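Following: one structure in structure tokens, then a few remarks.
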Amino acid sequence: MSVFIIRRLMQALLVVWIMSLLVYVGVHIVGDPVDMLINPEADQAEIERVIRDLGLDRPLHEQYWFFLMNALKGDLGNSFIFNEPALKLVVQRIPATFELAIAALGMAVIIGIPLGVFAGLKPDSKISKTIMASSILGFSLPTFWVGLMMIMFFSVMMGWLPSFGRGDTETLFGVEFSFLTLDGWSHLLLPALNLSLFKMSLVIRLARAGTREVVHQEYIKFARAKGLSQSRIIFVHLMKNIMIPVVTVLGLEFGGLIAFSVVTETVFSWPGMGKLIIDALHNLDRPLVVAYLMVIVVIFVVINLIVDVMYSILDPRVRLQDLKG
């Protein structure tokens, strides 16, 4: 097991280094931040001074080398706009985005798996057909439109839930969380549900497909022949086997929830990383954009690593095949 994890860690470090190169070069060949930061009436001497202060007068490979050396020390540069460490600005927004993504993923799992298993066990029932038809809506409807409809119905017409902001927060281990307060939950519910709809539809379809495949296997028939209860067959024999693809996909989708929650955060004015990157792109704040993308890359790599380890625990054949390779 330790050899498997070490190999995965080495691969993860290589991926992070390659992505740092692609991200840095990709961001630095687009636009010119000097045009955004300097007063159009500034003279040539002032323009050259700002370019020199920002390090933009150096060749790109030299800029990347300094970035890489500083990144190894945890310094991803200072934001052009805020004049603060870019990594600090991104990290400050991570709890809000993580909280939203975890709540959305939790909703997708808690609601999606039981509905998918039911649809797989009773494929011809009207309820199953309704569940599968609803899952198509979850894939098809645009996130921003669903979010606006939620605000219109639950906030404006019914007045049940707030439509923007994060609400009251409580400190846990030095970090502010809104799920620790009732007001925070009232603010979290709508954006989390909005963000979870696509993932919920995905989980329903994965769980249904897995159930339809597993339910006809010999060991399920044997378990029934032994007289085991339906609940034991489902929770012990069926769930374990359908969870492998679900865990893999959810792990990758969790990274997507964090990285691409921009639309939901914007619609509900949720103070997470999504709103920060929108402002950074608008102002061509290169250090902030690079810091955001590198944090997303690291999150994706860590999640993939965790998924690989969980996958190898659920199915040891994966670990053995990797070692043989």
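The values are calculated or read from the model by the stated rules, or taken from the named source; none is laboratory data. Quick caveat: nothing in here was measured; it's all calculated off a predicted structure. All Cβ positions, glycine included, derive from the backbone under ideal geometry; neighbour counts span all protein chains shown. Just so you know, the surface numbers come from the protein's heavy atoms only, side chains and all, with ligands and any DNA or RNA stripped out. Shrake-Rupley method; radii C 1.70, N 1.55, O 1.52, S 1.80 Å.
Contact annotation: residue pairs with Cβ atoms under 9 Å, 6 or more positions apart or on different chains, pairing a residue in segment 216-228 that is free of Cβ contacts under 8 Å to residues at least 24 places away in the same chain with a partner that is loosely packed, with under 14 Cβ neighbours inside 10 Å, are Ala223/Arg232; Ala223/Val236; Arg224/Gln230; Leu228/Val236. Within segment 71-127, the set of residues being among the hydroxyl-bearing types (Ser, Thr, Tyr) and either at positive phi or in contact (Cβ under 8 Å) with a residue 60 or more places away in the chain (or both) comprises Ser79, Thr97. Name the residue that is least open to solvent (accessible area, probe 1.4 Å), counting only residues in segment 286-299 that are farther than 18 Å from Asp32 by Cβ and touching a Leu at 6+ places or on another chain (Cβ under 8 Å). So, considering only residues that are farther than 18 Å from Asp32 by Cβ and touching a Leu at 6+ places or on another chain (Cβ under 8 Å), the one least open to solvent (accessible area, probe 1.4 Å) is Ala291. Filter segment 246-285 for residues that are in a loop (DSSP other than H, G, I, E, B), in contact with a Phe, Trp or Tyr (Cβ under 9 Å, 6 or more places away or on another chain) and more than 30 Å from Gly55 (Cα to Cα); which is most open to solvent (accessible area, probe 1.4 Å)? Checked segment 246-285; the qualifying residue most open to solvent (accessible area, probe 1.4 Å) is Ser269. Where helices (runs of 4 or more DSSP H) fall wholly inside segment 1-76, the ranges with 3 or more residues that are charged (D, E, K, R) are 44-53.
The single residue among Val249, Val175 that is over 20 Å from Val307 (Cα atoms) and at pLDDT below 80 turns out to be Val175. None of Leu161, Leu195 is at negative phi, assigned to a helix (DSSP H, G or I) and crowded, with 16+ Cβ neighbours inside 10 Å except Leu195. Thr171 falls short on exactly one of the conditions (1) polar (S, T, N, Q); (2) out of contact with any helix residue (DSSP H, G or I) (no Cβ under 8 Å at 6 or more places or on another chain); (3) part of a helix (DSSP H, G or I); (4) open to solvent by 50 Å² or more (accessible area, probe 1.4 Å), and that condition is (3).
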